[in-house]
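The values are calculated or read from the model by the stated rules, or taken from the named source; none is laboratory data. Keep in mind the model is a prediction, meaning the values are calculated, not measured. Every residue, glycine as well, gets a Cβ built from its backbone with ideal geometry; the counts of neighbours run over all protein chains shown.
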Amino acid sequence: MTAMNRNWLSAVLKRLFPPGSFGRRLLYRLRANTGKWLFTSRGKPHLPIEADIERFISWVHEQESHQIVLIMASTRLIESEGQRSTNFALELSRRGIPCIFGYWRWKKNEWYPQDRLAGGILQIPVDAIAEWPEIILRRFSNKEKIILFEFPHPSFFKVLAEAHAAGWVTIYDVIDDWGEFQRVGQAEWYEPSMERHLLHNVDAVSVVNQTLGKAVSDQGIKGAEQIPNASFPEIDKVDEDRYLKRGEITIGYFGYLAGAWFDWDLLSETAVAHPTWMFYLIGYGGDSRKKGLPPNVHLLGKRERNELASLASNWDVGMIPFKQERLASGADPIKAYEYLAMNLPVVATGISAPVGAEDLVRRVKGADAFAQAIKTAAEEGDRYLEARAAFAAENTWVQRIDQLLSMIERGGQRIAEKRALFHRVE
């Protein structure tokens with residue numbers, strides 16, 4: 001069918017079935033059920049969330065937003081963990097842009113609840129999308145479709161091909177050095193050839209920091225957009241008083257505690273050398289290193305996002321004690337942005353400071369320098385208070401989604417080319 005015929009048919013259907021009318025809803029339901037029958041007849045595996053998928057698709061067709069975004073994430077949508085993909089999805093939801101959140105799962109019988117449908121977020125396991133991408137990628141002909149790959153899983157080969165065929169704008173968002181994750185046993189699925197394929201065949205590439213920007217440039221990718229991490233707009237909001245015993249200096253950390261990058265030896269050495277200081281760890285992972293810690297290191301476990309500011313209000317310094325290795329150097333820790341938003345001075349090892357916060361994050365090497373930086377940071381008082389507040393205001397997920405959508409709108413990298421080519425063959 002030519003574009004002219006499709007436009008004519010669309011105009012007729014709009015007149016016969018006005019948006020919001022009962023007839024319009026029946027039309028979308030018939031179309032969804034027809035699509036469901038066609039897909040099922042071709043041997044699609046049964047999905048227990050099929051009714052949710054069809055309901056979401058019908059709902060999307062009624063929305064004013066001209067876009068829909070699919071995020072292929074390496075995590076679940078867990079607000080307390082505050083991952084980049086989660087914050088992207090939540091910000092898109094706040095803007096009324098429908099979002100499909102493809103989440104990682106370890107077992108194929110795990111189906112997490114659809115607790116975000118009311119906010120316009122449908123959650124589907126990435127392996128289900130990879131196995132049968134047509135159920136999603138062929139269903140939104142009336143929207144600008146954007147797919148964001150947050151990691152280069154080999155099973156996404158078919159997803160990428162199907163996305164191109166269906167006219168999706170494809171973006172590889174490079175957020176970590178996945179080769180290093182594989183080296184430390186955190187990403188056994190990683191295949192360098194698949195990452196190269198993704199880099200060279202998507203419409204656009206984005207990176208979180210300069211280290212990863214150089215890495216993709218070395219692979220022949222020019223003009224990748226740098227879209228750093230950020231902080232949640234209300235991350236500094238204290239919900240209630242949460243008292244913690246304080247030391248001469250009180251230092252805190254929140255986030256993942258994996259031994260692959262968290263420097264437990266540095267922490268222990270510093271705590272032993274300064275027994276009057278108090279260290280608090282909020283997070284999960286790294287269970288094998290939690291035994292035998294010095295008595296002034298306290299584990300608070302995993303906490304909800306709304307508790308963090310209350311707990312951190314007891315701290316003098318926010319720390320990021322990461323190992324001096326390539327894995328950490330490729331990271332752009334969200335906690336650095338969130339510490340600054342909470343008006344905490346930051347002391348870090350192993351990572352680069354966020355762009356624009358080079359004077360606000362003390363980067364050091366070794367236990368002696370780490371301890372001295374903590375002492376100096378705790379004594380600085382309100383010297384950088386306004387600078388931290390200004391940085392936090394300019395580095396929220398609102399700005400990051402603005403940057404992402406702006407890149408798409410202006411047709412950055414090969415996006416304009418994709419649009420032109422796809423419209424010619426429609």
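Quick notes
Here is a yes/no grid of residues against (1) under 21 Å from ALA224 (Cα atoms); (2) among the aliphatic types (A, V, I, L, M); (3) touching a strand residue (DSSP E or B) at 6+ places or on another chain (Cβ under 7 Å); (4) not assigned by TED's automatic domain parsing to the domain that holds TYR103:
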residue: ALA165; (1), (2), (3), (4): no, yes, no, no
residue: GLU180; (1), (2), (3), (4): yes, no, no, no
residue: VAL184; (1), (2), (3), (4): no, yes, no, no
residue: ALA187; (1), (2), (3), (4): no, yes, no, no
residue: ARG196; (1), (2), (3), (4): yes, no, no, no
residue: VAL202; (1), (2), (3), (4): yes, yes, yes, no
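- Looking across region 159-182, the residues that are within 20 Å of ILE68 (Cβ to Cβ), assigned to a helix (DSSP H, G or I) and of a type outside the set (A, V, I, L, M) come down to GLU162, HIS164.
- Residue within region 98-118 that is on the phi > 0 side of the Ramachandran plot, assigned to a loop (DSSP other than H, G, I, E, B) and of a type outside the set (A, V, I, L, M) present: no
- Among (1) out of contact with any strand residue (DSSP E or B) (no Cβ under 8 Å at 6 or more places or on another chain); (2) touching a residue at least 24 places away in the same chain (Cβ under 8 Å); (3) within 25 Å of ILE175 (Cβ to Cβ) - the single one LEU385 does not satisfy: (3)
- Within region 237-270, the set of residues being surrounded by fewer than 21 Cβ atoms within 10 Å (Cβ to Cβ), touching a helix residue (DSSP H, G or I) at 6+ places or on another chain (Cβ under 9 Å), in contact (Cβ under 8 Å) with a residue 40 or more places away in the chain and part of a loop (DSSP other than H, G, I, E, B) comprises LYS237, VAL238, ASP239, GLU240, ASP241, ARG242, LEU244, ILE249, ALA260.
- GLU325 under 19 Å from TRP261 (Cβ atoms), modelled with pLDDT under 95 and surrounded by fewer than 22 Cβ atoms within 10 Å (Cβ to Cβ): yes
- Check on THR349, touching a residue at least 40 places away in the same chain (Cβ under 8 Å), polar (S, T, N, Q) and in contact with a strand residue (DSSP E or B) (Cβ under 9 Å, 6 or more places away or on another chain): yes
- Hits in region 62-86 (condition: surrounded by fewer than 21 Cβ atoms within 10 Å (Cβ to Cβ) and in a helix (DSSP H, G or I)): GLU62, GLU79, SER80, GLU81
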